[in-house]
Amino acid sequence: MPIADHDEFTGEEVRLALRNPGMPLEALRRPVTPIGMHYVLVHFDVPVIDEAGHDLVIDGRVERPLTLGMDDLRARPAVSMPVVMECAGSGRAHLAPRPVSAPWHEEAVGCAEWTGTPLRPLLEEAGLLDDAVEVLFTGCDRGLDQGVEQDYQRSLPVAEALRDNVLLAYAMNGQPLPPPHGFPLRLIVPEWYGMASVKWLRSITAIPEPFDGVQQTVLYCYRRSEDDPGTPVTRKRPRALMAPPGIPEFLSRIRHVPAGPCVVVGRAWSGGTAIRRVELSADGGRTWAAARLDDPAGPHGWTGWSCAWNATEPGDHELWVCATDADGDTQPLAAADVWNQGGYGVNAVQRVRVRVD
Ligand SMILES: Nc1nc2c(c(=O)[nH]1)N[C@H]1C(S)=C(S)[C@@H](COP(=O)(O)O)O[C@H]1N2
Ligand SMILES: [Mo]
């Protein structure tokens, strides 16, 4: 990925941002993100797929290869669950220098209700052979990245593919998947960052060696420098976001709130573990107030939180919010603390500028 050492966004970043909208942060006030407010990230083009002719093939190192149509998949046991989908690149725009890619601040997130059939029973029916080490998922979209022409492909280690929460999803908020979100079929890997949840899914292949495609071993690795072999990006790091309080100024997005008591609300999540604590600071991190936590929206949804802030002093303030998960992982205060070549997992605390009138 090229690196930009200036604040201005490049034309390439602007075009990527227009193709890939983020979730407006006011959507954090809603328990379920409406389809049109959920972020979208599409690497190549949105493919045109006729669902009547769309088959899912399960093959490779299996005893009995399977081919299933959409009706076959919908006839199988169905599960619905809220899942926080978050792009691993969310937060990238806060880095300096900045990897040039989708320039997300913190809006590459959404929590939709996904419906589909669990993957595990299908893999069991196909019968994974003993030498299968990973399961490779292939989408219908094709393009070039890092100089390589490729299908969009990602793999999971067998143990991760067999987790009960992995779904083959055909509906989002009770509707057929919208084209940008993977119509007619996508994978949902609830604990991982979004890149694992392959859209426009056409094949699932058990493979005897780890997959080394571009989206697996070149991109989506945490690398401190170019020659760092890096470690794979997997589960979502903890993050809390606030719905910006008050009303915005159109261009600067500075928030205006009247002097007096103010209740700040938002949501928090962490991949594969619960949220233990959310804290709010109005004085640049010198003091933190504990937020009240709601019950989480299921094991893979987000946890609503609220925190009183007494906006007594007129003038400019900055609100910071920080989550800690049940494993004890806490968000870093500065994006620089988690700088990496691809700009992945940049879960630094959110800062919102507020003017008390
Ligand atoms: N086939 C395919 N699947 C894909 C992608 C893609 O470009 N092609 N993008 C991935 C990435 S990086 C993310 S963050 C999520 C975004 O899902 P959404 O657009 O439904 O929010 O889809 C993932 N699945
Ligand atoms: Mo992503």
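Among the listed residues Gly143, Gly139, which satisfies the condition of being within 16 Å of ligand 2 (Cβ to nearest atom), under 18 Å from the mean Cα position of the chain (by Cα) and in the same structural domain as Asn20 (by TED's automatic domain parsing)?
Answer to the selection: Gly139.
Taking the stretch 147-177 as the region of interest, how many residues are under 17 Å from Thr234 (Cβ atoms) and more than 10 Å from ligand 1 (Cβ to nearest atom)?
Here the count works out to 11.
How about the stretch 174-213: which of its residues are surrounded by fewer than 19 Cβ atoms within 10 Å (Cβ to Cβ) and under 19 Å from Pro82 (Cβ atoms)?
Gly174, Gln175, Pro176, Pro178, listed by residue number.
Counting residues that are over 30 Å from Arg98 (Cβ atoms), which strands (runs of 3 or more DSSP E) fully inside the stretch 135-228 reach at least 3?
167-172, 201-207
For the stretch 91-119: of the residues being within 21 Å of Leu18 (Cα to Cα) and touching a His at 6+ places or on another chain (Cβ under 6 Å), which is farthest from ligand 2 (Cβ to nearest atom)?
Ala93
In the stretch 228-267, what count of residues is obtained for those that are surrounded by 13 or more Cβ atoms within 10 Å (Cβ to Cβ) and among the β-branched types (Val, Ile, Thr)?
6
Given the condition at pLDDT 95 or above and in contact with a Leu (Cβ under 8 Å, 6 or more places away or on another chain), answer yes or no: does some residue in the stretch 226-241 qualify?
The answer is yes; a qualifying residue exists.
Please count how many residues of the stretch 265-291 are assigned to a loop (DSSP other than H, G, I, E, B) and under 16 Å from Asp327 (Cα atoms).
The number of residues fulfilling the criteria is 5.
Can you pull out the strands (runs of 3 or more DSSP E) entirely within the stretch 1-111 that have at least 2 residues that are outside the structural domain of Cys322 (by TED's automatic domain parsing) and touching a Phe, Trp or Tyr at 6+ places or on another chain (Cβ under 8 Å)?
79-86
Take the conditions within 8 Å of ligand 1 (Cβ to nearest atom) and either at pLDDT 95 or above or outside the structural domain of Thr67 (by TED's automatic domain parsing) (or both) and apply them to Pro180. Does it pass?
yes
Please pick out the residue among Val321, Val349, Val354 that is in contact with a His (Cβ under 8 Å, 6 or more places away or on another chain) and within 24 Å of Ala27 (Cα to Cα).
Matching residue, one of Val321, Val349, Val354: Val354.
So in the stretch 312-352, with the set limited to residues that are in a strand (DSSP E or B) and among the β-branched types (Val, Ile, Thr), which one is nearest to Val100 (Cα to Cα)?
The residue in question is Val352.
Does the stretch 96-103 contain at least one residue that is closer than 30 Å to Met37 by Cα, buried (at least 20 other Cβ atoms within 10 Å of the Cβ) and away from ligand 1 (no atom under 16 Å from the Cβ)?
yes
Pull out all pairs, ordered by first then second residue, where Cβ-Cβ is under 6 Å, the residues are six or more apart or on different chains, the first lies in the stretch 168-184 and is polar (S, T, N, Q), and the second is at pLDDT 95 or above.
Within 6 Å, the pairs are Asn173/Ile35; Asn173/Ala112; Asn173/Glu113.
Among the residues of the stretch 250-264, which ones are under 29 Å from the mean Cα position of the chain (by Cα) and assigned to a strand (DSSP E or B)?
Correct list: Arg255, Val263, Val264.
The values are calculated or read from the model by the stated rules, or taken from the named source; none is laboratory data. These numbers were taken from a predicted model, which means no experiment stands behind them. Note that each Cβ is placed from the backbone with ideal geometry, even for glycine, and that neighbours are counted across all protein chains shown.
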